[in-house]
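Readers should treat all values here as calculations from the given coordinates under stated rules, not as data from a laboratory. All figures in this text were calculated on a predicted structure; none of them were measured in a lab. No Cβ is skipped: glycine too gets one built from the backbone with ideal geometry, and neighbour counts run over all protein chains shown.
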Amino acid sequence: MFTRRARAAALFAAALTLTAACAAPDGGGTRAAAGAGGADAKIPTTDVLSDVRKDPAAAELLPAEVRERGTLTIATSVGGSPPGAAYLPDGKTVAGQDIDFADAVAKVLGLRLKREVASFEAILPALGSGKYDLGTGNFGVTEERKRTIDFVTYINDGQGFAVRADSPLKKVTDLTQLCGRTVATTAGTTFEATLERARPRCAAAGKKPYEVKTYAEQGALWISLQQGRSDIVMSTVNGLRYAVRQQEGLRFLNEFARLDVGFAFKKGSALTPAFQAAVNRLRKDGTYARILKKWGTGGSAIESSRVNPPARD
């Protein structure tokens, strides 16, 4: 039988498919669903892209066949922690920081995007097969991913931790502090890879290894924590800060590492120079700052977009 906290987590799990705000909307918002603890969540709906215009110099960097076709197919992961992409209350329209950045870049380049929703773990492999031209899903730049994927960065997010309010943990600066505990995270992510890579360090330190539990859905992850089946959650910094505000009895622990996040393309894609130029154009004309303000993620700003920057892993 669910405890009060677990019931709240279950409500939050349902709300995750509808909520996408990391902060109160900048301007208007649409009421999405009752969040945990009875709080109503708003999805920011402020239009921050209406003033974006095509940049001929950036568009000229596109392959000729793309300019002629005028369209690109983009895969978007939906349902992660806000401010990532999520469905609006109509159950059809997606909104989120990734959505705004992709749409803004498309306007700069004079393109139309054909958006398809796909699972997080399916997008990167599908890029190599040519099913999609690019993908978004808060994809962190890592050296392993760069072997098969090209990235054009647009924000800097990071890895962090959240716990129940009664947890004895205060700050995790070394993963050996997790030894003997159960860590919940999302499958197929940099968080899972980081945890698996460091797990042997517990045995080397003479400690019991930590257990990693992975979940395909963010809602299940939070229920695991609330019910005590997990001791700590590892996820995105922006997503964690949002989630703990929506649920009683949880607290954000700390940032652990920072990662550049970018649009993902198949290796050797000819699209990357144009996308890099478009992101940098958005920074110059103020659109970039307006998107971050809308989603409450000013701390994720980057100084300039880069193609395949050195990974921080």
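From most to least packed by mean Cβ count within 10 Å, the peptides 179-188, 231-240 give 231-240, 179-188. The residues neighbouring Asp55, those whose beta-carbon lies less than 10 Å from its own, together hold a net charge of +3 under the Lys/Arg +1, Asp/Glu -1 convention.
Residues Ser305, Ser77, Ser50, arranged from fewest to most other Cβ atoms within 10 angstrom of their Cβ, appear as Ser50, Ser77, Ser305. Backbone amide hydrogens, once placed in the peptide plane, bring Asp157 within less than 5 Å of Leu259, Val261, excluding anything fewer than 5 places away on its chain. Principal semi-axes of the equivalent ellipsoid, √(5λ) from the alpha carbon gyration tensor of the stretch 158-258, are 20, 14, 13 Å from largest down. Between Ser167 and Thr73, with labels modelled 7 Å along Cα→Cβ, what's the label distance in nm to one decimal, could you check? Here the modelled spin labels are 4.0 nm apart. Counting only other residues whose beta carbon sits under 14 Å from that of Lys266, what net charge do I get with K and R as +1, D and E as -1? Local charge sum for Lys266: +3.
Other residues within the sphere of radius under 12 Å centred on the Cβ of Thr186, judged by their own Cβ, net out at -2 (K and R +1, D and E -1). A straight chain from Arg251 to Arg147 at 0.36 nm per residue would run longer than the Cα-Cα distance by 33.8 nm. In this structure the amide hydrogen of Ser230, modeled in the peptide plane, comes within under 5 Å of the amide hydrogens of Leu225, none closer than 5 places in sequence on its chain.
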